[in-house]
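What follows is a set of notes on a single structure, which appears directly below.
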Protein chains: 2
Amino acid sequence: MRRGRIGRIARHARVKQPQPGQLRFRFHASNQTGSAYGHALTQVKISAAEAALIQQVPCGACLIRHRAVCAACEADDLHELELAKYYRRFEPGQMVAHAGERMDFVGSVVSGVAGLTQTLEDGRTQMVGMLLPSDFLGRPGRDSSPYDVTALSDLLLCCFRRRPFEELLRSRPRVSARLLEMTLDDLDAARDWLLLLGRKSARERIASFLAVLVRRAAMLGQATGAGPIVIDLPLTREAIADYLGLTLETVSRQISALRREGVIVLEGTRRVIVPDFRRLVTESGDDADGGLPG
Amino acid sequence: MRRGRIGRIARHARVKQPQPGQLRFRFHASNQTGSAYGHALTQVKISAAEAALIQQVPCGACLIRHRAVCAACEADDLHELELAKYYRRFEPGQMVAHAGERMDFVGSVVSGVAGLTQTLEDGRTQMVGMLLPSDFLGRPGRDSSPYDVTALSDLLLCCFRRRPFEELLRSRPRVSARLLEMTLDDLDAARDWLLLLGRKSARERIASFLAVLVRRAAMLGQATGAGPIVIDLPLTREAIADYLGLTLETVSRQISALRREGVIVLEGTRRVIVPDFRRLVTESGDDADGGLPG
DNA sequence: CGGGCTCTTGATGGCAGTCAACTCAGGTGG
DNA sequence: CCACCTGAGTTGACTGCCATCAAGAGCCCG
């Protein structure tokens, strides 16, 4: 047995099922949009009245409109989507779906981060997917998720019931093609991750991870272009460790090492400043520039 | 730096481009299936005239007809496919495509094994995909492969030029849907592999790998059902190591260990007999039965 | 101030990587 | 026929990276 600890399962599990009523503050602190479904799920003492007020953004004004599956929809189709879609909101640590259990919806991440996780019997866990805004969640043609799906931060999903969505795929070839394209991209990303998990050192993994976050932030238009880049880690050290196939101690040590050597600057524990993106990429072990000129 | 050696690159590279005509004996030695494909495959030193003669099996009689992308084609469509398809054959170690270079065809593996490989600058390599019969190769909508594609054994591909195939996808929604389904399966498989590379011990990796081969052999109808299962490893120890994120020495040691303990029986160096599939699965660390009651 | 968490840092040990020698089989050429 | 070569695979000795165990720091919040 190797990597991934057993001793902390209890603690981990505790995180994943937060006490009701305990997290209210965090809602307010970091939540921008609301949703009726979020209410139904999270049940943290929001009144029905409050819940009803949660607005859905019109598709035309949606931040991920041009990156998600729905990017393939014509303006005409948007109206149809508008009627079918519904929002769901999750708190950090909350389960969106359990491995093997029924999951009869699909959706896109509007904001926040979700993680797909696999766990071995003895408790070793590996994150096998990190869904950022515009990423697609769920599998048409299958009624259960093979993975645990967890909200890693405050999470807002734009959902569709699975059956109608499958129908949409059949009737709109362009949506189907878009989903295929996105799935192929996911596959490429997963294969890059295989290289990371199979061959990279702890230090390289951390650097690669940060580089991925920087690139995604750039794609979503949160980038500064040139000069130092600032990103906020949406994950705890433990979640990062699960993603990178390391332990949280090793993650912490390597982040500290990168900080000591000036590759990154930390502001608090979650905010990372990258003075020189190229330097970071060098540390990641990849062959140089993967976009974002820095 | 960690795992994956640099010292043997030269040797590795040599293997990947074998001398023409050199491999004849091994072809004969390791080929059991007497199918038309097996035959066509084992040819070495074919003249141009011979090459032209390579017979194409009619789609209706194709062994992978019901598992590959083309499974979604109606009987009517087969005729059209028949006209567009062409076979390509590769020897073990031969490159099918180089990372980053132009690749203007897609195809299905008819027989043999192909590997997708990623390599870091310093020579560490990781196999990120193993294509067995009926698996799809290539990416519609992109004109180069991001990975090296190598024949790991004698390999027969059923190919289509990329443009016409993309047209086929547009005109036949069922084929498109089939490709989406296959891609989603690939993604799931890649995610299982992430768990393996991120969290499993060397021993568990070997056992998992063997279990995968057993299941695939069963799917392709080469399985015995109950009783001891016999599989022939289509990969060298080095290729297995590249796939499992280990070194070839570790692969060798763990295979020996499993043999010593009776989990497997070796016949020569490439043939593996599995007396008790359930035992193997236990060693793989996965939560029990993933099909094939054994 | 005390109780949880998250995160950091230190000490130690184990698994797999590294280096190296050897076996074995097939193929080649004298 | 035998010496020799080459490439695949096995095994042993040693090393090093990262997991493990442990303690403490920093922070939020009640």
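The values are calculated or read from the model by the stated rules, or taken from the named source; none is laboratory data. What you are looking at is a predicted structure, and each value in this text was computed from that prediction instead of being measured. Glycine also receives a Cβ, built like all others from the backbone with ideal geometry; neighbour counts cover every protein chain displayed. For accessibility, only protein heavy atoms count, side chains too; no ligands or nucleic acids. Shrake-Rupley method; radii C 1.70, N 1.55, O 1.52, S 1.80 Å.
Table: residues versus (1) over 23 Å from B:ASP287 (Cα atoms); (2) within 14 Å of chain B (Cβ to nearest Cβ); (3) within 16 Å of DNA strand D (Cβ to nearest atom).
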residue	(1), (2), (3)
A:ASP77	yes, no, no
A:PHE105	yes, no, no
A:GLY115	no, yes, no
A:PHE165	yes, yes, no
Checklist entry - Which of (1) among the aromatic types (Phe, Trp, Tyr); (2) open to solvent by less than 60 Å² (accessible area, probe 1.4 Å); (3) at pLDDT 90 or above is the odd one out, the single condition B:TYR37 does not satisfy? => result (3)
Checklist entry - Which number in (1) in a helix (DSSP H, G or I); (2) within 16 Å of DNA strand D (Cβ to nearest atom); (3) of a type in the set (S, T, N, Q) marks the one condition that B:SER176 misses? => result (2)
Checklist entry - Out of (1) under 20 Å from B:GLY115 (Cα atoms); (2) of a type outside the set (Gly, Ala, Ser); (3) touching a Gly at 6+ places or on another chain (Cβ under 8 Å), what's the single condition that is false for B:LEU220? => result (3)
Checklist entry - Considering only residues of region B:142-163 that are within 13 Å of another protein chain (Cβ to nearest Cβ) and among the polar types (S, T, N, Q), which is least open to solvent (accessible area, probe 1.4 Å)? => result B:SER145
Item to check | Residue identified as assigned by TED's automatic domain parsing to the domain that holds B:LEU131 and under 15 Å from the mean Cα position of the chain (by Cα) among B:ALA190, B:ALA239, B:ALA217 | outcome: B:ALA190
Item to check | A:ARG215 open to solvent by 60 Å² or more (accessible area, probe 1.4 Å), assigned to a helix (DSSP H, G or I) and not aliphatic (A, V, I, L, M) | outcome: yes
Checklist entry - Between residues in region A:238-262 that are away from DNA strand D (no atom under 13 Å from the Cβ) and residues that are modelled with pLDDT of 95 or more, which pairs lie under 6 Å by C-beta distance while being six or more apart or on different chains? => result A:ALA239/A:LEU152; A:ARG259/A:LEU266
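Determine which member of the set B:ARG178, B:ARG191 is within 28 Å of A:GLY141 (Cβ to Cβ), in contact with a Pro (Cβ under 9 Å, 6 or more places away or on another chain) and open to solvent by 20 Å² or more (accessible area, probe 1.4 Å).
B:ARG191
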Checklist entry - Would you say A:LEU210 is more than 14 Å from chain B (Cβ to nearest Cβ) and in a helix (DSSP H, G or I)? => result yes
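Based on this model, can you work out whether A:VAL212 counts as at pLDDT 95 or above, more than 16 Å from DNA strand C (Cβ to nearest atom) and not assigned by TED's automatic domain parsing to the domain that holds A:SER134? Quick ask: steps written out before the conclusion?
Numbers: at pLDDT 95 or above: yes; more than 16 Å from DNA strand C (Cβ to nearest atom): yes; not assigned by TED's automatic domain parsing to the domain that holds A:SER134: yes.
Yes: the conditions hold for A:VAL212.
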Checklist entry - Which fully enclosed strands (runs of 3 or more DSSP E) of region A:65-167 have 1 or more residues being touching a Cys at 6+ places or on another chain (Cβ under 9 Å) and under 17 Å from A:MET182 (Cβ atoms)? => result A:105-111, A:155-161
